[in-house]
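Peer 1: Structure provided below as structure tokens; questions to follow.
The values are calculated or read from the model by the stated rules, or taken from the named source; none is laboratory data. Since we're looking at a predicted model, the values are computed, not measured. Methodologically, a virtual Cβ is constructed for each residue, glycine included, from the backbone with ideal geometry; neighbour enumeration extends over all protein chains shown.
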Amino acid sequence: MPDIGLTTLTEVSAHVAAIRDAVALPLVVDGDTGFGNALNMARTIRVLERSGASAIQIEDQDFPKRCGHFSGKAVIDAAEMVQKIKAAVDARTDSNFTIIARTEFARGRGVRGGCRAPAQVSRGRSGSDFPRGARDA
């Protein structure tokens, strides 16, 4: 299935629970944009953590999201992403549950532009930052 936001949180959590029942390995789950705003992000964290996820990767794309390899993506502003990360961190019940903040900011802005975004979103206290799509070195 293409990564274009076709699945719902309910579908993702059902798949996570089924995988968790089958394996004991840590599960890193693609949480897309958190399925909405900061309130939705908090719900996403609670649902996926209960389903058995060990970590979640969230991104800063605007709706509708597009696969990371497609052109025409837009990102939310850094202040909104910081709020979503804070909501995610505050919602988790297990301090070992890792939140990976991915940014598409570097697309079209290069490495220097992309490196600013993780510094901004880190104020949200994510466990890891993942700048994606820079084309220059």
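Peer 1: Suppose we keep only residues that are of a type in the set (D, E, K, R), modelled with pLDDT under 90 and under 20 Å from ASP90 (Cβ atoms) within the range 33-76. Which one would you say is surrounded by the fewest Cβ atoms within 10 Å (Cβ to Cβ)?
Peer 2: GLU59
Peer 1: If I ask for residues that are among the polar types (S, T, N, Q) and either touching a helix residue (DSSP H, G or I) at 6+ places or on another chain (Cβ under 7 Å) or modelled with pLDDT under 90 (or both), which ones from the range 80-97 would you list?
Peer 2: Matches in the range 80-97: GLN83, THR93.
Peer 1: Does ARG20 satisfy the condition of being surrounded by 14 or more Cβ atoms within 10 Å (Cβ to Cβ), charged (D, E, K, R), in a helix (DSSP H, G or I) and modelled with pLDDT of 95 or more?
Peer 2: When the stated conditions are applied, ARG20 passes them.
Peer 1: Also: Find all pairs meeting these conditions: Cβ atoms under 8 angstrom apart; at least six residues apart or on different chains; first residue within the range 69-98 and more than 14 Å from GLN57 (Cα to Cα); second residue at pLDDT below 90 and among the hydroxyl-bearing types (Ser, Thr, Tyr).
Peer 2: VAL75/THR103
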